[in-house]
Amino acid sequence: MTRIRVLSGLKKAFSVFRKTPSLVPSVSPSPSSVGGRGMGSTTGEVELEKMRAATCIVGSGPAAHTAAIYTARAELKPILFEGWMANGIAPGGQLTTTTDVENFPGFPQGIMGMDLTEKFKEQSVRFGTRVFTETVVRLDLSVRPFRVYTDTKQVDADTVIIATGAVAKRLDFPGAGEGEDGFWNRGISACAVCDGAAPIFRNRPLAVIGGGDSAMEEANFLTKYGSKVYIIHRRDAFRASKIMQKRTLDNPKIEVIWNTEVLKASGNESGSLSGLNLRNTVTDEVSVLEVSGLFFAIGHEPATKFLEGQLELDSAGYIVTKPGTTQTNIPGVFAAGDVQDKKWRQAITAAGTGCMAALEAEHYLQEIGGQEGKYS
């Protein structure tokens, strides 16, 4: 097991942070932070509580908590803002929207997504992470130390780790959501790699919605488990790369349903998905397709809007990091997890980059720790 080495120079340089209380209980969110979209009040109306930290972590999933565990064990006493329904998701990130997680090491019988995220948090807190259930509404990366704002707090931090993730795009039609009338997590998913091997999908017909490389990859992956895989695409041509199109169209277990959209999802007596009502966008003909699984593969939206252009992003809005690192274009600011990874998007890869970000933040702090007078 990799262990954090606490360097004596680092301990000396940041001894001030050890005077901070070892744990501040999670607090209830202020109303204006719900959803994580508003700017909140940072001047005038509310006097912000000011805090100081060597490292401030923004996020609540495996990347954020792995970074917290490593920095906390390095005695940096990190502050972590887990958000409150930021991007429409509960603290814990996308894992909270899944049921059985069977591909995270250490849980041979699987574990519920919500239970896994709670264990992440428990471990972070155990080592001294100060966790707040508040949404970060703004950063100021133009000053040193950096400033992190919620509706009630201002944290001055020498390093910032951004692990806000990315949200899978989902279509909205009757039966697509959660609750009694929806089949989300009861046959409908947005991650074939995460959920495709589940027993409810094995040897049964499945469907994928999408037309890009992700849809092709998910469809080919699902042929390992499903009896047949349908790709439902609203146009008459894919936008995927030629090589991915060929691989998909040559697969005998895949059938493409062109010029088609889903109108409704329906279920069986057990409450699981059993079929889709489809409409041909050219002829308006309506039909029913019997499937036991439906996977959205229409892209993800990274949670980077609150950055307001302060960090370099790619054309899809993901934070750009230097190859092989979690370093952004601003020294001292690191990005981990799905907010900078649009290829793998797995809990375990997110955790890995969270570890990288923590170690890189620690090394960065060691470097600046010897520069007396640089920080107050």
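The values are calculated or read from the model by the stated rules, or taken from the named source; none is laboratory data. The structure presented is a predicted model; accordingly, all values stated were derived computationally and were not measured. Ideal geometry is used to build each Cβ from the backbone, glycine not excepted, and the neighbour counts take in all protein chains shown. Side chains included, ligands, DNA and RNA excluded: accessible areas come from the protein's heavy atoms. Shrake-Rupley method; radii C 1.70, N 1.55, O 1.52, S 1.80 Å.
The C-beta contact set for the stretch 193-214 (first residue of a type in the set (Lys, Arg), second residue in a loop (DSSP other than H, G, I, E, B) and at pLDDT 90 or above, distance under 7 angstrom, 6+ apart or interchain) comprises 202/225; 204/226; 204/227; 204/292.
In the stretch 235-253, the qualifying residues are those that are within 23 Å of residue 204 (Cα to Cα) and not in a helix (DSSP H, G or I), and the one that is most open to solvent (accessible area, probe 1.4 Å) is 252. Has the stretch 348-366 got any residue that is surrounded by fewer than 24 Cβ atoms within 10 Å (Cβ to Cβ) and in a loop (DSSP other than H, G, I, E, B)? So far as the stretch 348-366 goes, no, none of its residues is surrounded by fewer than 24 Cβ atoms within 10 Å (Cβ to Cβ) and in a loop (DSSP other than H, G, I, E, B).
Residue under question is residue 369, and the condition is that it be open to solvent by less than 50 Å² (accessible area, probe 1.4 Å) and modelled with pLDDT of 95 or more; does it hold?
no
Residue 139 - would you say it is assigned by the TED database to the domain that holds residue 62 and either surrounded by fewer than 19 Cβ atoms within 10 Å (Cβ to Cβ) or under 30 Å from residue 273 (Cβ atoms) (or both)? Here the answer is no, as residue 139 does not meet what is asked. Scanning the stretch 168-219 for residues that are open to solvent by 60 Å² or more (accessible area, probe 1.4 Å) and either at pLDDT 95 or above or outside any helix (DSSP H, G or I) (or both) returns 169, 170, 171, 172, 174, 178, 180, 181, 186, 202, 203, 204. Number of residues in the stretch 313-333 that are outside any loop (DSSP other than H, G, I, E, B), more than 23 Å from residue 168 (Cβ to Cβ) and either open to solvent by 10 Å² or more (accessible area, probe 1.4 Å) or among the small types (Gly, Ala, Ser) (or both): the value is 1. Residue-level check: of (1) touching a Leu at 6+ places or on another chain (Cβ under 6 Å); (2) open to solvent by 70 Å² or more (accessible area, probe 1.4 Å), residue 308 misses just (1). With the structure loaded, tell me whether residue 293 is within 27 Å of residue 104 (Cβ to Cβ), at pLDDT 95 or above and not charged (D, E, K, R) or whether it fails that test. Yes: the conditions hold for residue 293.
Looking at the stretch 96-132, which of the residues that are surrounded by 19 or more Cβ atoms within 10 Å (Cβ to Cβ) and of a type in the set (S, T, N, Q) is farthest from residue 186 (Cα to Cα)? Restricting to residues being surrounded by 19 or more Cβ atoms within 10 Å (Cβ to Cβ) and of a type in the set (S, T, N, Q), the top hit is 129.
Let's see how each residue does on (1) touching a Leu at 6+ places or on another chain (Cβ under 7 Å); (2) under 15 Å from residue 57 (Cα atoms):
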{"position": "313", "(1), (2)": "no, no"}
{"position": "327", "(1), (2)": "no, yes"}
{"position": "330", "(1), (2)": "yes, no"}
{"position": "339", "(1), (2)": "no, yes"}
{"position": "342", "(1), (2)": "no, no"}
{"position": "346", "(1), (2)": "no, no"}
{"position": "355", "(1), (2)": "no, yes"}
{"position": "359", "(1), (2)": "no, yes"}
{"position": "368", "(1), (2)": "no, no"}
